[in-house]
Each structure stands twice: as structure tokens, then as C-alpha cells.
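K.L.:
After the C-alpha cells below, expect a handful of questions from me.
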Amino acid sequence: MLMDYFTIDDFDVEGRSILLRIDVNSEVIDGRVLMNERIREHARTIKELCDRGAKVVAMSHQGRAGGRDFITLEQHAALLSKFTPVEFVDDIIGPAARLSIESLEEGSALLLDNVRLLAEETLELPPEEHAKSIFVRKLASLFDIFINDAFSVAHRSHASVVGFAKVLPSGVGRVMEQELQALQRATQNTERPCIYIIGGAKYEDAFSIIEHVLSTGKADKVLVTGFIANLFLAAKGFFEMERYLEAVRRARNILRRFGEKIELPEDVAVEENGERREVAVSEVEPPIYDIGTGTIEKYLKMIESAKTIIMKGPAGVYEREEFRVGTKALLEGVASAAAFSLLGGGDTSSAINVVGLDKSRFSYVSLAGGALLRYLSGRSLPGLDVLARGKSSE
Ligand code: 3PG
């Protein structure tokens, strides 16, 4: 496993200064950050490194410039500190940050401020260009090792993700390692039958995943739900979707190439007088809000006999109780299945919370959104490429 990357087991970290890229990017409600999985998980990597006597300097982004969730990381440091002490430094590359880094003691950790406060951070540049940035040049000489613990930002060719890996011995942290192990198990040497349950609203990503896993033979079946099911049903001629002509054309092309491997809803739920009503797809007029009972039963049988299940995106408008039925039933089915299950995408995680299932019932729930979609659609991730053994500075 993970032969392609160094992990923190490959380094003697005692007494070493480690620059650790984490991703504590969180939802911000009324200016407040609540405890969440990302914070919990990255705190474990920080704690392990501190326990091994390292000097740990963590860095992360939060939000995007101009957004309401673009805030400093002070609250994140306080939340991380609920698990292991992490001091917040109100600076990234200035004298205050550099002094704090240089005077850090063994077994201690600090968190620099939001790296996206630096304009250089988000330039989409190749690693060798980022390695020349002021950001990387100011900090790199203060460290012995760079560890990226954030699979969820590996799709960004940003300075904090790819720049340091070019100039420091580098590897992956525990959270990244778990993500990669789960992804490798789900997508390489996959136990068959392998099914993908693809829903949610991001239909372009969904199309790319379906095309990739069916053209490479990685999936035996794709069970389609959510908004993308509308596009496939329109492609089959059940109704028209004039605003999505290009997407419907793409769906038609996918059906032409891989039709026998794609399962579509046979019945769905629509809204009538504010209530749920189930109809056969031959009678439906969009908008469709959920999959219907017959479809749920059909999908559950496939879930039961699968050995590997990858699920992305809810089956319907799970925020509304009357249209949560499909999402809830499929999630419960996957949670009870004997298969290795990997779930991911932002909406999927919130759907798991809304239906009240414990994440431990699944083999792995990814912390990533965009990075996961990109990985599942077979595209390379700059943050991983730069860490591949032999490509970083070692
Ligand atoms: C995420 O939340 O998916 C990651 O932190 C990436 O954030 P970004 O889409 O703002 O780059």
C-alpha cells in the first residue's frame, strides 16, 4: 500500500521541524466555526507528530478571498486544541511567524494564519514556479520536512500544496494516508461486483466519473440517482429538459456506449400539493425530487450483493423529509451491506448526518469534495503528483 508516497513512518521526526499542510476549511455560520471531522482528524496527525517529538507548524486555508467564510484561523486553532495544544500565530511569512517557528519547542505545535491571505497562494502554477514564490522561499529554510495531510486540497496546484514539496523532503500525513488507502482499495484490485451509486447536483463531475469507471471497466454497474437521473431520463425520451440540452446529449452518448451497465430509476417522487407522490418514469413531469419505492428496492438488491460500493451524492432533495426517503434507504442499505464502502462529496457527508447514521457504519467516508471527484474520474491531482516518490526533492 502507498508504495508511491513516503508517509510519516518513513521519517525520523524527533527534533525535526515539520511543515504540515492540513485542510480545516469549514462551514462558517454567523462567523463561527463548529467542530467537525476535518478538525478532529487532522488533530490526530498533529498529536502523533508532537508525541514523537517533532516541532509541528500547521498551515491551512479557510474560504476564498471575498467570501463570507474567508476568515482567520484563530477559531480553528482553538478547536484543534481541544485534542492537542495548538498555538495560533496571527501571521504566515512575516517576522512574527518566523520567530514563532524558530523558537518552537520539540513536541509543540502551532497553526499559521489562513494561507489564502497571501495572493501568491492561489495562483494555479506548476510546483517549480510556486517553489520560487516569496511564500515558499521565506518559510522553506526553517523546516526539515514537508508533510501534506490534506487529500482534499490535492486538486489545487496552490503554493502550500505543491511549492514546498519541490524543495523539502516530503510525504503524506495520516489523514491523506487513510484517504489514499480507501481510494486504492475501492479503485485498484477492486473486489467484484463493484457498483457506483451516483447522485447529487454536480452533474458534470458525475458524468466524468461514470464515463471513466465504465470505459476502464472499474465498475460493474452504475446506479443513477439525484439530479443526474433527470438528465438520463430525458436522454431516454421520457421528457424534455430544454435548459440542459448539452448535458442531455452527453447522457444520451453515455447510454449509447454503456447502456447495459447503467441502472436508472423506474419510479420517482414528485411534489403534489406540497406532498410526496410517486409516479412511474413514463408518466413523470419534472421536477423530480426523489427516487421511488420500486427503484429503492431494485437498488437495495444490488447493494446487498456488491463487494465494493462507491457512493457520491444524495438520491434526492434530502433536506426535505418527504423527499429524503431514497437517500435514507440507500445510505442505510450501504451501511448494512457487507461490501467495502467508500462515500464522499460534501452533500453526501451532510446527508449522512441528516439521516442520523454513524459514519463508522461505512468503511470510509472521505473528507474531500472536489479532490475526490477528480480522483474518481481518473484525472491526476497536482498535490499527489508532486509527492510521488522520486518527484519531490528526495
Ligand atoms: C474543500 O473544502 O473541498 C477544500 O478545502 C478545497 O477548497 P476550495 O474548493 O476552496 O479550493
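K.L.:
By how many degrees, 0 to 90 and rounded to 10, does the Cα axis of helix 37-51 deviate from the longest principal axis of the chain?
P.N.:
So the helix axis and the longest Cα principal axis differ by about 30 degrees.
K.L.:
Now, a different point. Quick one: accessible area per residue over segment 62-163, 1.4 Å probe, rounded to a whole number of Å²? Intermediate results must be reported in sequence, preceding the final value.
P.N.:
Details: 4500 Å² over 102 residues.
Counting only protein heavy atoms, the per-residue value for segment 62-163 is 44 Å².
K.L.:
Given +1 on the Cβ of Lys and Arg, -1 on the Cβ of Asp and Glu, and no further charges, what dipole in debye does the chain carry about its Cα centre, rounded to the nearest 20? List each step's numbers first, then the result.
P.N.:
Numbers: 48 positive and 59 negative charges, 169 e Å.
The dipole magnitude comes to about 820 debye.
K.L.:
Based only on Cα atoms, what mean projected area does the convex hull of segment 169-286 have, in nm²?
P.N.:
Details: hull surface 41.8 nm².
Its Cα hull, projected and averaged over all orientations, spans 10.4 nm².
K.L.:
Dipole of the chain (Lys/Arg Cβ +1, Asp/Glu Cβ -1, origin at the Cα centre): which of SER377, ALA338, PHE70 lies farthest to the positive side?
P.N.:
The listed residue farthest towards the positive side: SER377.
K.L.:
If you filter segment 68-148 for GluC sites (Glu not before Pro), then keep DSSP loop positions with at most 14 other Cβ within 10 Å, what is left? Please list the in-between numbers first.
P.N.:
Numbers: sites: GLU74, GLU87, GLU102, GLU105, GLU106, GLU120, GLU121, GLU124, GLU128, GLU129; in loops: GLU105, GLU106, GLU124.
Passing sites in segment 68-148 are GLU105, GLU124.
K.L.:
What's the angle, to the nearest 10 degrees (0 to 90), between helix 245-258's Cα axis and the longest principal axis of the chain?
P.N.:
80 degrees
K.L.:
P(r) for the chain: what percent of alpha-carbon pairs falls in each 10 Å bin, starting at zero?
P.N.:
It works out to 5, 22, 29, 22, 15, 6, 1, 0, in whole percents.
K.L.:
Restricting to the chain, compute how many DSSP beta bridges are antiparallel as a %, nearest 5. The partial results should precede the final answer.
P.N.:
Numbers: 10 of 46 bridges.
Roughly 20 percent of the beta bridges in the chain run antiparallel, per DSSP.
K.L.:
How much length is gained if the chain between ILE29 and ARG320 is pulled fully straight, taking 0.36 nm per residue apart and subtracting their Cα-Cα distance, in nm to one decimal?
P.N.:
Working it through step by step, the gained length comes to 102.7 nm.
K.L.:
Then there's this: Is there a quick way to get the dipole size of segment 2-177? I mean about its Cα centre, with the Cβ of Lys and Arg at +1 and of Asp and Glu at -1; what is the value in debye to the nearest 20?
P.N.:
Values: 20 positive and 29 negative charges, 60 e Å.
Around 300 debye, computed over segment 2-177.
K.L.:
How much length is gained if the chain between GLU272 and LEU255 is pulled fully straight, taking 0.36 nm per residue apart and subtracting their Cα-Cα distance, in nm to one decimal? Please list the in-between numbers first.
P.N.:
Numbers: separation 17, 0.36 × 17 = 6.12 nm, distance 3.03 nm.
Using 0.36 nm per residue and subtracting the Cα-Cα distance, I get 3.1 nm.
K.L.:
Leaving ligands, DNA and RNA out of it, work out the accessible area of LEU264 with a 1.4 Å probe and give it in Å² to the nearest 10.
P.N.:
Result for LEU264: roughly 20 Å² accessible.
K.L.:
With springs only between Cα atoms under 10 Å apart, run a GNM on the chain and tell me which of LEU384, LEU118, LEU223 wobbles the most.
P.N.:
Largest GNM mean-square fluctuation: LEU118.
K.L.:
Ignoring ligands and nucleic acids, what accessible area does LYS301 show with a 1.4 Å probe (Å², nearest 10)?
P.N.:
About 140 Å², rounded to the nearest 10.
K.L.:
I would also like to ask the following. Highest mean first, how do 79-85, 323-329 rank when packing is the count of other Cβ atoms within 10 Å averaged over residues? Don't skip to the end; give the middle numbers.
P.N.:
Numbers: 79-85: 17.9, 323-329: 23.1.
Those peptides, ordered most packed to least, come out 323-329, 79-85.
K.L.:
Compute the projected area of the convex hull of the Cα atoms of segment 190-376, averaged over all viewing directions, and report it in nm² to one decimal place. All intermediate terms of the calculation are to be shown ahead of the outcome.
P.N.:
Working: hull surface 38.4 nm².
Quarter of the Cα hull surface area: 9.6 nm².
K.L.:
Here is a further query. What dipole magnitude, in Debye to the nearest 20, does segment 76-157 give about its Cα centre under +1 on Lys/Arg Cβ and -1 on Asp/Glu Cβ? Show your work: numbers first, answer last.
P.N.:
Details: 7 positive and 14 negative charges, 30 e Å.
Computed about the Cα centre, the dipole is about 140 debye.
K.L.:
Right, something else. Would you pull out the residues with amide H under 5 Å of THR7's amide H, same chain only if 5 or more places away, H placed 1.01 Å from N?
P.N.:
Excluding prolines and chain starts, which carry no amide H, the hits are VAL172.
K.L.:
Please build a GNM for the chain, connecting alpha carbons under 10 Å apart, and tell me which residue among MET59, MET241, MET176 fluctuates the most.
P.N.:
So, out of MET59, MET241, MET176, the one fluctuating most is MET241.
K.L.:
Using +1 at the Cβ of each Lys and Arg and -1 at the Cβ of each Asp and Glu in the chain, identify which of LEU20, SER305, LEU117 lies farthest towards the dipole's positive end.
P.N.:
Most positive-ward Cα: SER305.
K.L.:
Then there is this: Among VAL222, VAL162, VAL13, determine the one that fluctuates most according to a GNM of the chain built with springs between C-alpha atoms less than 10 Å apart.
P.N.:
The residue with the greatest mean-square fluctuation here is VAL13.
K.L.:
Run the numbers for GLU105 and ASP12: contour at 0.36 nm per residue of separation, minus the present Cα-Cα distance, in nm. Please list the in-between numbers first.
P.N.:
On the way: separation 93, 0.36 × 93 = 33.48 nm, distance 1.64 nm.
Full extension of this stretch gives 31.8 nm more.
K.L.:
When the expected Rg is taken as 2.2 N^0.38 Å, what fraction or multiple of it is the alpha-carbon Rg of segment 2-177?
P.N.:
0.93
The values are calculated or read from the model by the stated rules, or taken from the named source; none is laboratory data. Please read these numbers as outputs of a predicted model, since none were measured by experiment. When we count neighbours, we look across all protein chains shown, and the Cβ atoms used for this are built from the backbone with ideal geometry, even at glycine. Keep in mind that these areas ignore ligands, DNA and RNA; they rest on the heavy atoms of the full protein, side chains included. Shrake-Rupley method; radii C 1.70, N 1.55, O 1.52, S 1.80 Å.
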